[in-house]
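Engineer: Shown below is the structure under consideration.
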Amino acid sequence: MKQSVGEQLRSQSHDRKAAGGFTLVELLVVIGIIALLIAILLPALNKAREQAKTVQCLSNARQIAMVILLYANENKGNLPLFAPDVNSPISLHWQHQMAPYFNRNGEEVGRDFMRCPSVDGWYTYGVNYTAIMAPPIFTYGNALGTDARYKGSGKLGQIKPSTILLMDANMFYVFNPAWWTLDNAPDNDSNSNILSIYGYKYNFADFQRHHMTSNAAFGDGSAHNVRLDEWKNNKDQMWGYPTP
């Protein structure tokens, strides 16, 4: 007996199901479920990825701080030479002096290697300018590293255990607010025209790469994450006040 068109279509659909195929509705349901799972899991995966980067950055900061302390112990307590100008001789850049300890002679830590993985900037870690250098008794003009008399660093004995040695930064040094005060504008730029012209926030400290926190290493060789409010309020005198 000849089948009607409707019977033929139902028969074909039954045959496809018997053969293990999917209907269009079933396929769309599966795709929808997969899309929903991706939407749920993607933020968690991104968060885990950022946390991994933060952990790596913190490890970098701790290792660099330990090398700074090692350098001081091998150089009569003197902290690395420090010249706050990119045009000064590279031998006066603290990050260049740290490179041999990592078997990377001629390179600069925090720029050529040991970079924070959360940022693509030029430099990724900066030392605490007021703490690392000798007490600020000279002007910016004669601190450029071109003066042979310029030593550009203080003594390890002047650094308290709670003082920041280095932290996340978009320059290789950070002006702490004890010396270069932040203004009252929402962006917290420095009052310095030099910093404001180039749009640097927080005196070169970087609190944006790790969700308004910064990885910092301290005078005792430890390292931990610092919130912006803790840094701005000088918690535990983390800015440091070198003494004679």
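The values are calculated or read from the model by the stated rules, or taken from the named source; none is laboratory data. None of these values were measured; they are calculated from a predicted model. For neighbour counting, all protein chains shown are included, and Cβ atoms are generated from backbone atoms with ideal geometry for every residue, glycine included.
Engineer: Answer with yes or no whether P135 is modelled with pLDDT under 85 and in a loop (DSSP other than H, G, I, E, B).
Structural biologist: Taking the combined requirement at face value, the residue satisfies it.
Engineer: Still on this structure, I have one more. With closer than 13 Å to T54 by Cα and either modelled with pLDDT of 85 or more or out of contact with any Asp or Glu (no Cβ under 6 Å at 6 or more places or on another chain) (or both) as the only criterion, which of S192, S214 stands out?
Structural biologist: None of the others qualify; the one that does is S214.
Engineer: Still on this structure: So which residues in region 212-244 are loosely packed, with under 14 Cβ neighbours inside 10 Å and more than 27 Å from N78 (Cβ to Cβ), if there are any at all?
Structural biologist: M212, D229, N233, K235
Engineer: Just checking, which of L144, L92, L70 is modelled with pLDDT under 85, within 18 Å of L165 (Cα to Cα) and out of contact with any strand residue (DSSP E or B) (no Cβ under 8 Å at 6 or more places or on another chain)?
Structural biologist: Answer to the check: L92.
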